[in-house]
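Reading through the structure tokens given below for one structure.
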Amino acid sequence: MRIALIYPPYKHKIFSENLEVVDDEFCSAPPIILAYVAAILERSGHTVMIVDAQVLKIDMNETLSRLRSFNPDLLGFRSESYHFPDALEWMRFLKLQLGKPVFTGGPNLSLYPRETLAHDQIDFGIIGEAIDSLPRLIRALENKQDLAAVPGIAYKRPDRTVLVNAAASVPVDFDAYPFPARHLLPNDKYYSFISQRKNFTIMLTGTGCPYRCKFCAIPHEYRRRSVRNVLAEIEECYKRYSVREIDFFDAALFVDRERTLELLRQLKRLGLDLEWSCRSRVDIVDKEILKAAADAGCRQIYYGIESVDQKILDSMGKRISVGDVKNAIKLTKGCGIRTMGFFMVGNEGDTPDSVRKTIDFAKSLDLDFVQVCQVIAKPGTPLHRQISEATRVDLWKEHIRGNFLSRRLPTLWTGLTEAEIRALTQEFYF
């Protein structure tokens with residue numbers, strides 16, 4: 001089959017955790033999940049095209065023109081809760097113009113498969129990992145076979161009833177995935193607001209996070225790739241795509257200390273003219289691992305700090321101390337690595353006074369960069385469940401159904417008003 005994967009432009013949403021300027025300017029990263037999907041499809045013998053309309057700054061009509069030249073048999077999209085309305089709009093237009101079936105995958109399908117497939121413009125959904133279910137779905141479509149035997153998909157009967165086949169319960173070895181199909185992407189166009197070199201890309205060495213912060217939507221199951229597998233992708237990026245800066249998008253790169261040290265030693269041995277950044281918790285770094293990171297090309301680390309108030313940190317399940325923060329930032333800067341602090345406004349127990357103390361604390365740390373988020377109830381998190389139980393309405397489910405959110409979500413855990421949260425977030429940045 002000829003399969004086109006489309007990444008529509010996204011717009012800032014009023015319910016976002018970020019201020020509008022942050023959503024617009026923070027990062028233009030490659031759609032790495034679609035690139036994984038493309039690689040899975042190519043390995044199965046299909047011809048694939050990716051249209052990243054976001055970074056190319058093209059509209060529906062220009063995308064349609066490119067798709068007509070490619071002449072796809074199937075259209076694929078990623079469905080994320082925030083931007084689902086945007087994706088639906090593009091699906092509707094392109095399906096109407098091309099008359100081709102549409103499949104989608106992403107977080108929506110794990111949380112709300114029936115609600116996602118209820119929209120007329122979506123024909124098939126991939127639940128969980130695509131590495132096995134997507135090729136099997138397409139093979140079944142090609143051979144006109146019964147879809148009931150394909151695990152990890154959602155589809156419709158002729159009467160439009162949505163059927164859901166459970167995904168496999170055993171997670172796939174991460175090393176079994178092909179490398180993302182970056183040859184289908186405009187690699188010279190990606191950047192982050194603090195990236196310094198081109199070409200720039202993002203990469204995953206592991207997925208999930210073993211920690212359980214109440215505000216976080218990242219799955220708790222932590223999987224990591226082998227050091228050999230990660231190094232092979234780094235070399236491919238460097239030699240084939242002229243990548244000179246990588247942002248490792250793992251939730252916390254240094255979770256597995258011994259694996260990380262081995263990765264850093266091997267990366268240093270490669271001797272590549274390469275810089276990189278990553279995310280980490282403050283309580284899992286020390287001088288040895290930070291020195292090894294700097295020697296291997298690390299130029300900045302993003303730390304989740306959130307607040308200076310220990311009671312607030314404890315209430316969100318962060319399991320770090322103010323001492324951990326001070327120590328991590330001091331050691332990191334001592335190794336010549338730039339630091340960025342993530343902070344949150346509107347936490348449980350937050351007051352104007354607690355936020356301003358956190359602002360003073362952030363300034364005392366001499367950070368190079370900050371990002372300040374307004375706390376929201378992300379889909380599938382404990383905060384989301386708290387709101388659903390209190391209001392007896394699952395607002396994210398309603399959003400996926402088509403009753404799209406047009407206001408901020410309730411923040412029942414804090415006494416700060418929406419206006420105060422926004423004002424304090426702006427004050428923090430200033």
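The values are calculated or read from the model by the stated rules, or taken from the named source; none is laboratory data. Predicted model, so just to flag it, every value in this text is computed and none were measured. We place every Cβ from the backbone using ideal geometry, glycine too, and count neighbours over all the protein chains shown. Ligands, DNA and RNA are stripped out before the accessible areas are found, and what is left, the full protein with its side chains, is counted by its heavy atoms. Shrake-Rupley method; radii C 1.70, N 1.55, O 1.52, S 1.80 Å.
Here are the numbers for this structure:
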quantity: Degrees separating the helix 418-429 axis from the principal Cα axis of the chain, which is the longest one; calculated: 60
quantity: Helix-only [θ]222 nm of the chain, DSSP H runs n ≥ 4, -39500 (n - 2.57) each, per residue, nearest 500; calculated: -11500 deg cm²/dmol
quantity: Alpha-carbon spread of region 321-392, three principal axes, descending order, Å; calculated: 50, 26, 20
quantity: Euclidean distance of C-alpha centroids, region 1-23 and region 235-290, integer Å; calculated: 27
quantity: Cysteines in the chain lacking a second Cys C-beta under 4.7 Å; calculated: 27, 209, 237, 278, 298, 335, 373
quantity: Portion, in percent, of the accessible area of the chain that falls on carbon or sulfur, probe 1.4 Å; calculated: 49
quantity: Whole-percent pair-distance distribution, where bins are 5 Å wide, for the alpha carbons of region 126-283; calculated: 1, 8, 14, 16, 15, 15, 12, 9, 6, 3, 1, 0
quantity: Inter-label distance, nm, simple model (7 Å from Cα along the C-beta direction), residue 96/residue 220; calculated: 4.4
quantity: Fully extended contour minus Cα-Cα distance, from residue 21 to residue 47, at 0.36 nm per residue; calculated: 5.6 nm
quantity: 1.4 Å probe accessible area per residue over the chain, in Å²; calculated: 43
quantity: Subset of 291/363; 100/378; 330/357; 291/326; 214/397 violating a 27 Å alpha-carbon distance limit; calculated: 100/378
quantity: Reciprocal mean inverse distance between Cα atoms of the chain - Kirkwood radius, Å; calculated: 22.9
quantity: Computed lengthening from residue 169 to residue 58, 0.36 nm per intervening residue step minus Cα-Cα distance; calculated: 36.0 nm
quantity: Whole-number percent relative contact order across the chain, with pairs defined as alpha carbons under 8 Å at least 6 apart; calculated: 14
quantity: Accessible area in the full protein assembly, largest first, 1.4 Å probe, for 220, 399; calculated: 220, 399
quantity: Tail weight of P(r) past 24 Å, computed on alpha-carbon pairs of region 59-217, percent; calculated: 45
quantity: Difference of contour (0.36 nm per residue) and Cα-Cα distance, residue 242 to residue 286; calculated: 12.7 nm
quantity: Tensor-based shape of region 31-90 (alpha-carbon gyration tensor, a/c under 1.5 rounded, otherwise prolate or oblate); calculated: oblate
quantity: On Cα atoms only, tilt of 130-142 relative to the major axis of the chain in degrees; calculated: 10
quantity: Overall Cα dimensions of region 150-204, principal axis frame, Å, largest first; calculated: 52, 29, 21
quantity: Ranked order, 284, 246 - accessible area, probe 1.4 Å, largest first; calculated: 284, 246
quantity: Antiparallel bridges, percent of DSSP beta bridges restricted to the chain (to nearest 5); calculated: 20
